[in-house]
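The values are calculated or read from the model by the stated rules, or taken from the named source; none is laboratory data. This structure is a prediction, so every number in the text was calculated from the model and none was measured. Note: ideal-geometry Cβ built from the backbone for every residue, glycine included; neighbour counts use all protein chains shown.
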Amino acid sequence: MKFGRNTNFDKDFLLKNMMGPNCVRIAEELTQKIQLSSEMRILDLGCGTGLTSIFLAKEFGAQVFAADLWIKPTENYERFKKFGFENQIIPIHAEAHELPFAHHYFDAIISIDAYYYFGAEPDYLDKHIVPLIKKHGLIAVSVPGLQKDFSQGVPDALKPYWQENMNFYSRNWWKDLWELSPNIVIEQCFSHQCHKEAWKDWLECDNPYAKTDVKMMEAENGNYFDTIGLIAAVK
Ligand SMILES: C[S@@+](CC[C@H](N)C(=O)[O-])C[C@H]1O[C@@H](n2cnc3c(N)ncnc32)[C@H](O)[C@@H]1O
């Protein structure tokens, strides 16, 4: 499957390594809205199996730090070597509240389908992300979310699939959260056009989580979910 100008993933490889809605499709749309270059050092936060890290390295020639909690860096290193990126992508085990990087180290932080696990805490952005980015550097995040927040509680159709810690919120909810920060300027907050396609790709996977999600998405029926993009620059 082809993404951007240079990235061509074998479909079986992609289906085997996806961990949620197709992150490369989402990264393709998100990065069309920002300026990245080969001069940059980028943190791919919550990179999972590193598909987006490979995409960022291949498309933009940037140096990428691929940080994740659940997927072992050794596993990601093997994948990065296969793509010839052993010197360009640095695999790292990291917890999002204890990021092991120097302040003002990154030109950009990208996070696809991961930020909602930790970034919904009100002080997270200012405490853990902003310090790592250079002045005028970029924060670009995509998260699964909601078309509208559930003011009347979780709809009956979704109750069997809902977990307390899902942190699915609307575009406005995320925008309001980021507007609390005195350290950034929000540039864009949008619904991804690739939302349906990204989910369709994921539901094709043999991954047992994808199998459960098939039922959830049938119940959801296009009525509630969204994929939300947020882009900000550090002041
Ligand atoms: C649904 S997976 C998505 C992975 C990848 N970004 C993708 O889209 O394929 C969520 C990722 O968030 C990472 N994650 C969750 N909580 C984290 C935390 N506290 N610190 C760092 N990473 C975390 C997990 O390790 C996991 O790989």
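Quickly run through the stretch 184-213 and pick out the residues that are surrounded by 15 or more Cβ atoms within 10 Å (Cβ to Cβ) and assigned to a helix (DSSP H, G or I).
Passing the criteria: His195, Glu197, Ala198, Trp199, Asp201, Trp202, Leu203, Ala210, Asp213.
Run down Met40, Met19, Met1 and say which single residue is modelled with pLDDT of 95 or more and in contact with a strand residue (DSSP E or B) (Cβ under 9 Å, 6 or more places away or on another chain).
Met40
Please verify whether Ile42 is in contact (Cβ under 8 Å) with a residue 40 or more places away in the chain, within 11 Å of the ligand (Cβ to nearest atom), crowded, with 16+ Cβ neighbours inside 10 Å and among the β-branched types (Val, Ile, Thr), treating the condition exactly as stated.
Spelling it out, it is not the case that Ile42 is in contact (Cβ under 8 Å) with a residue 40 or more places away in the chain, within 11 Å of the ligand (Cβ to nearest atom), crowded, with 16+ Cβ neighbours inside 10 Å and among the β-branched types (Val, Ile, Thr).
Can you go through Glu86, Glu95, Glu75 and tell me which one is surrounded by fewer than 23 Cβ atoms within 10 Å (Cβ to Cβ), among the charged types (D, E, K, R) and in a helix (DSSP H, G or I)?
Glu75
Would you confirm whether any residue within the stretch 5-13 is of a type in the set (Ser, Thr, Tyr) and within 13 Å of the ligand (Cβ to nearest atom)?
no
Looking for something outside any loop (DSSP other than H, G, I, E, B), polar (S, T, N, Q) and either within 16 Å of the ligand (Cβ to nearest atom) or under 13 Å from Val234 (Cα atoms) (or both) - is there at least one such residue anywhere in the stretch 103-116?
Yes, the conditions are met somewhere in the stretch 103-116.
Could you say whether any residue in the stretch 47-64 is assigned to a loop (DSSP other than H, G, I, E, B), within 13 Å of the ligand (Cβ to nearest atom), buried (at least 19 other Cβ atoms within 10 Å of the Cβ) and without any contact (Cβ under 8 Å) to a residue 40 or more places away in the chain?
Yes, the conditions are met somewhere in the stretch 47-64.
Would a scan of the stretch 152-169 turn up a residue that is among the small types (Gly, Ala, Ser) and closer than 28 Å to His128 by Cβ?
Taking every residue of the stretch 152-169 in turn, none turns out to be among the small types (Gly, Ala, Ser) and closer than 28 Å to His128 by Cβ.
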